[in-house]
Structures are given as C-alpha cells and as structure tokens.
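Remarks on the structure that follows.
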Amino acid sequence: MERYVVLKEKYFNDFISSVAASGQKVFAPVAKGYNQYAFEEVTSGNQVAMDCIPTILPPKKFFMPQYETIATYDISNGQNMEPVMEYENIVLFGVHTCDLAGIQCLNMVFSEHPKDTNYLTRKNKILVIGYECNSYCDEYALCRLVHNHLPNGGYDLFFTNLENGSFIIHINTLIGEEFIGKFKNFKEADDSDIQVLGALRERRKKIFAKNEVPIEHEQIPELFNRVYDSKIWDELGKRCVACGNCTNVCPTCYCFDIIDESNLDLKTGRRYRRWDSCQNESFAKVAGGESFRAERSARQRHRYYRKFKYSIEKYSRFFCTGCGRCSRTCMAGINIKETLTKLVEEQGMKNPDAG
Amino acid sequence: MKILKPKDSEYEIKKGRILRVKKITDSEKLFEIVLPGGENLNHEPGQFVMISLLGVGEAPFSISSSPTKLGSFELVIRDVGKLTHALHRLKAGDEVGIRGPFGKGFPVHILEGSDLLFVAGGLGIVPLHSLINYAIDNRRDFGKVNILLGCGKPEDLLYSDELDEWTKRLDVNFECTVDRADSGWKGNVGLITSLIPGVNLDPVRTFAVVVGPPIMYKFVITELLEKGIPERQILVSLERHMKCGLGKCGHCQINGVYCCQDGPVFSYDKIKNIRESI
C-alpha cells in the first residue's frame with residue numbers, strides 16, 4: 001500500500017529547522033554564487049536551494065568521502081594496524097533523480113563481492129530525501145536519454161512540488177515513515193493531491209519529451225559496440241587537459257587510490273583512500289613504467305565506455321546518470337551530449353524523434 | 001564524525017615475518033615469509049598478495065613459491081619504486097603486512113594430464129616459478145614439461161641453482177636464451193620467440209603458459225598459434241597497477257575486466273578481443 005503525505009510550502013522552513021533541532025544534521029543544496037551549488041549543512045529551509053542545477057559535487061561525497069581513513073597504524077612494535085570506518089548519521093535533502101541513480105550505481109559496485117564494508121555500513125546511516133525536477137535544470141542535462149528524469153526508487157522520502165503551495169511526499173521506506181512521523185504539519189494526501197501529482201507528471205512528459213541525444217535508449221549499447229576505433233576519441237584527446245574534473249564530479253566514478261600518511265613521530269599514522277581519476281596519466285602505469293592508457297584519447301574513451309558499455313555488461317545499467325556535471329565542469333569544453341551526438345551521426349544511427 | 005572498528009574489514013592485514021632474505025641479482029631479492037602460527041597461505045599458482053609496509057604503502061606481488069611448499073611462501077621483488085626500495089632494506093625477523101591471496105591463478109586442475117610449455121620472459125619467471133614447481137612436485141600428474149626462459153643479460157637470470165637442476169632433470173626440458181651474451185655465456189642468444197619453433201610438442205595436448213613483460217605477449221602468442229596450440233590452451237598472466245585487489249579501485253581495469261579479480265591469469269581466447277589487454 002503506497003503512502004503519500006503533503007506538506008504546505010509555508011511549513012517547509014520549519015520542517016528543516018525541526019530536523020536540525022532534533023539533533024540530526026541536514027545536508028542540502030546551498031547556493032554558492034555564480035550559479036554554483038553545493039551540498040552543505042543547513043539549519044533552516046530558507047538556506048536550501050530548491051530548484052537548482054546539479055551541485056558541484058554529487059552526493060557521492062557523503063557515501064564515499066574524498067578522503068576516507070580505512071585504518072590507523074602504529075609500527076613501534078611491528079606492523080600493527082587497526083581498520084576503521086568513519087560515519088555520520090545524516091539527512092540528505094534535495095537529491096535529484098539523477099543523483100539518486102548515481103547512489104544506486106555506487107551501491108551496486110560496493111555490494112558486489114568482495115563487498116566494501118565501510119561503504120555498506122555508511123550508506124545505511126544516511127537518510128535520503130529526493131526532490132523532483134519539474135523541468136530541465138539546464139541545457140547540459142541528458143537525464144531523459146538514460147531514463148533518470150523520473151523517480152526510480154533509491155530514496156527514503158521523495159518530495160515533489162505540486163506548484164499549488166504544497167509538496168507531496170512519497171514515503172518509500174519504513175525508515176522514512178518513522179522519520180516523517182516525528183515532525184508535524186505532514187497530512188495524509190487525498191485523492192485530489194494524487195491527481196495533481198498525476199497531472200504534473202503528464203506535463204513533465206511533454207517537457208522531457210525527447211532524448212537529448214538523437215538515439216533511442218536501447219540503441220546505446222549497439223552504438224558503443226561500433227565506436228571503439230572512432231576518430232572522435234582522438235578529437236577529445238586533443239582537447240582534454242587530463243585534469244580529472246569530469247571524474248571527480250561524476251556521481252558514479254568511484255576509482256580511488258590508497259595512501260599511507262605518517263604522523264610526525266614516524267611511528268603512527270593512517271592509511272586512507274582518496275578519489276583518483278582514470279584521466280590521470282599515471283593511473284594505469286605499472287612499476288616497470290608501462291602505461292596501459294598512455295594517450296588522453298584512450299583515457300577519455302575509457303571514461304565513456306565505463307558509463308555506457310562496461311557497466312551494462314557488469315551491472316545491466318548505464319553509469320551515466322544524465323546529470324551533465326562532466327560537461328558543465330570541463331575546462332576544455334568537452335560535452336557529453338555533443339560527443340554522443342557526433343558518435344551517433346558518425347555511425348548513421350541518428351533518430352531525431354528518439355525518446 | 002563517529003568511528004567504528006570493523007571486525008572483518010577487507011583492508012585488514014596479516015602480519016608476515018621474514019624468515020630469510022636472499023639477494024639474487026643486483027636488483028632482485030627473494031623473501032621467504034611466514035604467516036602467524038605458520039599458517040599456510042593456501043594460494044593457487046599465479047595468484048598474488050598485497051604487501052604492506054605501514055607508512056610506506058602497499059602493492060601487489062606475485063607469489064613465486066608453489067603451494068606445495070608448506071609453512072612459508074616466497075616473493076621475488078625487484079627494487080624499482082618507493083615500497084620495493086623499503087622492502088629491500090628489510091632483514092630476517094622483520095615484519096610485513098599481507099592481504100590475500102587475490103585473483104584467479106593458473107587452473108591447475110585443468111592443466112593436469114596435459115603437456116606444459118612454459119614461456120617466461122624476464123621477471124615473468126617469478127609467477128611461473130610457482131606453477132613450474134607445482135608441476136614438478138606433482139610430476140606424475142602432468143605430461144611433458146618444456147620450460148623456455150629468456151632474459152636480457154646472463155647476470156639477470158633468477159633462480160640460477162634451480163635452472164641448473166631443471167637442465168639436469170630427465171623429466172623436464174629446459175632451454176634458456178639471453179638477449180645480450182657476455183664472454184662466459186655458452187647458451188642461446190636471441191629473443192625468447194627464437195626458442196619456440198624448435199620445441200617438439202603435440203599442440204593439441206599442450207597448454208602454453210606465458211608470462212613476461214607486456215611487449216612480449218603479442219610476439220610469443222603469434223609463435224604459439226603458428227605451432228598449432230589452440231587459443232584456449234594459451235594462458236597468460238597480465239601485469240597491471242593495483243591498489244585494492246578487490247575489483248573496486250579501477251587501476252587494473254582492462255576495458256571492462258578487472259585484472260585483480262577476473263585475472264591476472266586469462267586464457268588467450270578470453271582476452272583476444274579485449275583491446276587493451278596485450
């Protein structure tokens with residue numbers, strides 16, 4: 001039995017303040033100026049940027065932190081180390097459907113055997129509240145193409161602005177239900193609210209009517225079967241500056257490095273993991289000096305293949321969530337919509353009506 | 001921020017005690033290592049371990065001893081980077097951290113009954129040493145054993161004592177070549193590929209096991225196919241950068257394949273269409 005509740009917009013600030021006052025840390029998109037947004041701690045609803053473009057960094061930063069201690073050590077008396085797992089009980093508010101998909105992708109990676117205990121423990125300490133985009137955030141998004149423009153689970157609660165002065169909230173988990181029960185002003189949704197939601201989703205179908213790249217969703221694997229030797233990768237390689245911005249901001253890029261950091265006593269220290277990027281030249285270099293993806297074109301191709309081909313083979317889903325962050329952040333103007341469109345055109349697979 | 005101490009972390013290390021260090025060339029040392037309580041590593045030939053020195057780092061190393069050697073295991077390590085340099089300064093009695101064994105090794109149960117052709121280039125003899133000794137220790141279970149070894153210069157040869165023994169054994173055919181000979185060298189001179197055409201083998205009942213530097217594979221595999229050895233009976237072990245050993249960190253990825261979990265041992269028919277593999 002599905003359950004929806006509604007919250008009047010005028011009570012939203014109070015809701016966020018009440019959660020913060022209850023001792024739960026709340027993180028939500030906050031405006032940073034220059035049309036940039038970041039998930040930061042908030043204590044009142046008026047700090048939250050409600051209808052914003054995707055944040056600079058995706059919520060991945062809460063699930064697999066940029067720097068994560070995995071062990072502490074003390075070598076005063078041999079190789080003694082103790083694994084550690086850092087976590088925080090937090091509420092994540094305002095996660096768009098693209099980013100919910102990103103979290104689902106990370107969950108698959110880290111729950112595949114051999115499992116990652118730290119990730120799996122930490123993810124269950126985070127309450128996820130999604131937020132629906134009633135229209136496109138900007139021209140970089142390609143969420144329709146990868147079918148992430150509508151909610152597909154992965155949240156405890158999901159807010160939709162009904163544009164009539166109220167939010168409707170889908171309660172997806174018992175944890176979400178218990179959470180919402182602690183706060184006032186939530187009312188059971190009635191039939192008319194559900195009808196408004198239905199009408200809104202119908203309107204959204206028209207806004208998100210066509211794929212952002214002229215190819216059918218189901219044709220993408222075939223496209224990537226064909227384009228491994230495309231010259232388009234060389235063009236990308238010529239422009240790419242190998243900065244790694246695209247992978248840092250990607251909600252599904254999870255590669256990491258493991259580094260030891262000694263304290264000044266040179267006896268104690270920590271072993272931590274840190275985000276790494278397949279775009280760095282040294283990423284696939286072995287001790288003898290051989291680099292298996294020495295060319296930037298090969299590294300860019302690897303990034304695209306990890307989003308559209310290898311992930312389909314391994315996890316049966318695209319690891320591109322359609323958020324568009326890689327395009328927004330690229331200093332060289334490499335744009336995923338443009339690249340895909342060029343590949344589609346090169347292969348004669350263009351279908352302007354796709355979607 | 002709260003902190004838990006997970007009981008079954010994948011990053012937990014076992015303490016290995018160094019039993020013996022032997023300098024074998026100017027740049028390689030052999031380390032014999034004992035696990036706590038003399039526990040066996042319980043590895044397959046071709047698998048690897050992650051070796052740590054806390055404060056310096058962690059890296060993957062092929063296990064060079066056969067699982068038939070009980071109570072300790074061996075690694076042969078070239079002094080080439082920060083961690084290996086620190087390892088080269090260790091003495092008997094010192095400790096290292098160990099995770100693993102990891103990866104898919106050579107499928108010994110499939111190799112049983114077949115003839116074996118080992119092709120080792122340079123440091124490739126290190127992982128192959130494990131399988132060669134496994135085959136020698138279970139000699140009756142395998143067919144003919146041919147070992148071809150190539151390296152740069154005579155002074156780079158590893159395991160020289162054992163090479164002499166392999167030369168003498170009647171149940172092993174051993175051949176060796178160097179790229180550049182010195183005045184004392186009596187043997188073959190030339191690339192490893194030059195030894196393959198002369199090997200007397202029945203291709204249908206032969207498994208070729210090839211390990212060497214990345215550049216070697218294409219040339220050796222061409223020769224082996226020329227001999228008529230089926231693609232699925234050519235096994236290789238691929239070297240890649242690795243950080244976790246758990247199929248997560250991404251460094252060892254070869255197209256869609258994680259070398260640390262899906263490999264490092266692959267049969268040629270499985271990788272011939274994986275473009276970044278060899």
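Can you tell me which residue within the range B:87-99, out of those that are over 19 Å from the mean Cα position of the chain (by Cα) and closer than 18 Å to B:LYS243 by Cα, is farthest from the other protein chains (Cβ to nearest Cβ)?
It comes out as B:VAL96.
Of (1) more than 14 Å from every other protein chain (Cβ to nearest Cβ); (2) within 24 Å of A:LEU174 (Cβ to Cβ); (3) of a type outside the set (A, V, I, L, M); (4) in contact with a Lys or Arg (Cβ under 9 Å, 6 or more places away or on another chain), A:GLU139 satisfies all except one. Which?
Among (1) more than 14 Å from every other protein chain (Cβ to nearest Cβ); (2) within 24 Å of A:LEU174 (Cβ to Cβ); (3) of a type outside the set (A, V, I, L, M); (4) in contact with a Lys or Arg (Cβ under 9 Å, 6 or more places away or on another chain), A:GLU139 violates only (2).
Limited to the range A:217-241, what total is found for residues that are part of a loop (DSSP other than H, G, I, E, B) and surrounded by fewer than 16 Cβ atoms within 10 Å (Cβ to Cβ)?
Residues meeting the conditions: 4.
Quick check on A:TYR37: is it under 30 Å from A:SER277 (Cβ atoms), within 21 Å of the chain's Cα centre (by Cα) and among the hydroxyl-bearing types (Ser, Thr, Tyr)?
Here the answer is yes, as A:TYR37 does meet what is asked.
Check the range A:10-18 and report whether any residue there is under 24 Å from A:CYS255 (Cβ atoms), touching a residue at least 40 places away in the same chain (Cβ under 8 Å), buried (at least 19 other Cβ atoms within 10 Å of the Cβ) and away from chain B (no Cβ under 14 Å).
Within the range A:10-18, not a single residue is under 24 Å from A:CYS255 (Cβ atoms), touching a residue at least 40 places away in the same chain (Cβ under 8 Å), buried (at least 19 other Cβ atoms within 10 Å of the Cβ) and away from chain B (no Cβ under 14 Å).
In the range A:276-288, what residues are buried (at least 20 other Cβ atoms within 10 Å of the Cβ) and more than 8 Å from chain B (Cβ to nearest Cβ)?
Those that are buried (at least 20 other Cβ atoms within 10 Å of the Cβ) and more than 8 Å from chain B (Cβ to nearest Cβ): A:SER277, A:GLN279.
For B:GLY113, which of the numbered conditions (1) more than 17 Å from B:ARG205 (Cβ to Cβ); (2) in contact with a helix residue (DSSP H, G or I) (Cβ under 9 Å, 6 or more places away or on another chain); (3) more than 10 Å from every other protein chain (Cβ to nearest Cβ); (4) not polar (S, T, N, Q) fails to hold?
(1)
Go over the candidates A:ILE126, A:ILE103 one by one and state the one that is within 15 Å of the chain's Cα centre (by Cα) and buried (at least 23 other Cβ atoms within 10 Å of the Cβ).
A:ILE103
From the residues in the range A:289-321 that are without any contact (Cβ under 8 Å) to a residue 12 or more places away in the chain and more than 7 Å from chain B (Cβ to nearest Cβ), which one is surrounded by the most Cβ atoms within 10 Å (Cβ to Cβ)?
A:SER291
Here are the criteria: (1) in contact (Cβ under 8 Å) with a residue 12 or more places away in the chain; (2) more than 10 Å from chain A (Cβ to nearest Cβ). Tell me which single one B:LYS22 does not satisfy.
Condition not satisfied by B:LYS22: (1).
Scan (1) surrounded by fewer than 17 Cβ atoms within 10 Å (Cβ to Cβ); (2) part of a loop (DSSP other than H, G, I, E, B); (3) within 13 Å of chain B (Cβ to nearest Cβ) for the single condition A:MET1 breaks and write down its number.
(3)
Within the range A:26-43, which residues are touching a residue at least 24 places away in the same chain (Cβ under 8 Å), farther than 20 Å from A:ARG328 by Cα and surrounded by fewer than 16 Cβ atoms within 10 Å (Cβ to Cβ)?
Matches in the range A:26-43: A:THR43 only.
Any read-out appearing in this document is the output of simple, stated calculations on the displayed coordinates, not a laboratory observation. Everything numeric in this text was worked out from a predicted model, so none of it was measured. Cβ coordinates were reconstructed from backbone atoms using ideal geometry, including for glycine residues, and neighbour counts include every protein chain displayed.
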